[in-house]
Amino acid sequence: MDIICAPSGIVGTVRPAQGIADVIRAGFQNLFLDVSRFCSPEELETMGLPGKAAGSRTRPLISENPDSLPTVMNPILAQYQKAGLSTPVALAPYQLPGTKRTDLTPLLAGLSRESIRLCGQAGCGFIIIRPVFSGLSRGEAWQANRDFYLSLAPLAGDNHVQILLENQCHDQNGHLIRGICSDPGEAAAWVDRLNEAAGEERFGFCMDVGACSICGQNMQAFAHVLDRRIKAVILRDNDGHRESSLLPFTYSGFERSGTDWLGLIRGLRGIGFDGHLILDFSTTAAGFSPLLRPQLLQLAKATGEYFQWQIGMENLLKAYKARVLFGAGNMCRNYMKCYGKTYPPLFTCDNNPKLWGTRFEGLEVKSPESLRDLPADCAVFICNVYYREIQQQLREMGLTNPMEFFSDEFMPSFYFDRLERGE
């Protein structure tokens, strides 16, 4: 599972060097190849309309000549590659969610083809191509999109690129409602039918968390239905009503998060997700001074790593043949309730000498000194909120065993029979 930084608001399209340097200093190794930044939905919306100032830009209007896309994009890609940044996932140009234009599908197909060729040159394995919808009734949507996507499949195959559909919001008279592929059952059926028609697994799915939030969807169920079809997830926060791309966990209404992060993490953990996490925080970046963006990027990187850890918790547990726990409290209890049978620890230990020699949740409670007798490959999972303090304690004891943190914030289920003595 890798973390990808979306460049909007961070890396400029004309002078990208400073943003690229900030991204690298924050520890990111991957950038989202957002082709729509170079041919925006707004540009597509005004294409061909009277009064459009085609000569007022510092670059050619790609909507007027899709073939010019490589000319515009290749210098940017060269800078990414020179800096050692990979671009695993791309986004092709798309229409505004409330567009009334019904004449842009051929242009979108041409732009998608050029974007796929760019992916092939850049070694980008996935491209998000949003469904077409304008002017289509619900009954017409599948056939129109089937023709649209299958026309792109041979080129995608030649360039070793998998096309990802994405769940959409639809703007109906200023109100965002569920759009194409927002129903997970429909989306799964579309992916399967496209792959069957293509004769190979050429299509997958990108789950946009922001769209799920606006549509008020159960993200655990959404992920469960789409399952292994999900190859990428766009992590972004919003208020549940309006389009925005906030850094995860930064929107809080009525003293609680507006996004169902619990359902998302439970869902992705449950399907064993190990794909691409795309951090889109362009709205948050827009509110920060450019002088503070390096620090914002560091927080974004830490946030991405937090999702990696939480989503991959079960994979982390199964990575070790043997494990012990540190802590004989509520977090240990939740571990044993949720994972104790599948990944049984040898024992647990605690700093409280009153607990040594007792049993807790079927485990013998030992002193920290007992950890010195562990085999070198046995992992210690710290089940206590004082993670860093305990880790330092064990390292100062000279332990060289693998040490991992276990958190019960996003368990498959919760147990509220809390211990009075606490952790």
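The values are calculated or read from the model by the stated rules, or taken from the named source; none is laboratory data. These figures come from a predicted structure and were not determined experimentally. Ideal geometry is used to build each Cβ from the backbone, glycine not excepted, and the neighbour counts take in all protein chains shown.
Only residues that are among the acidic types (Asp, Glu) and touching a Cys at 6+ places or on another chain (Cβ under 7 Å) were counted across the range 341-388, and they come to 1. The set of residues in the range 172-226 that are in a strand (DSSP E or B), of a type outside the set (Val, Ile, Thr) and surrounded by fewer than 23 Cβ atoms within 10 Å (Cβ to Cβ) comprises 172, 175, 176, 178, 204. On the basis of being in contact (Cβ under 8 Å) with a residue 60 or more places away in the chain and out of contact with any Ser or Thr (no Cβ under 9 Å at 6 or more places or on another chain), does residue 311 make the cut? For residue 311, the condition - in contact (Cβ under 8 Å) with a residue 60 or more places away in the chain and out of contact with any Ser or Thr (no Cβ under 9 Å at 6 or more places or on another chain) - is met. For the range 311-327, a residue qualifies if it is of a type outside the set (Val, Ile, Thr), modelled with pLDDT of 95 or more and surrounded by 19 or more Cβ atoms within 10 Å (Cβ to Cβ), and the qualifying residues are 323, 325, 326, 327.
On the given criteria, is residue 124 farther than 27 Å from residue 242 by Cα, touching a helix residue (DSSP H, G or I) at 6+ places or on another chain (Cβ under 8 Å), at pLDDT 95 or above and in the same structural domain as residue 165 (by TED's automatic domain parsing)?
When the stated conditions are applied, residue 124 passes them.
Among residues of the range 376-398 that are in the same structural domain as residue 331 (by TED's automatic domain parsing), those with a Cβ under 6 angstrom from a residue that is assigned to a helix (DSSP H, G or I), sequence gap 6+ or separate chain, pair up as 382/390; 383/331; 383/332; 383/335; 384/390.
Pick out the one residue from 293, 333 that is farther than 21 Å from residue 262 by Cβ, of a type in the set (Lys, Arg) and part of a helix (DSSP H, G or I).
On the way: 333 fails: farther than 21 Å from residue 262 by Cβ.
Answer to the check: 293.
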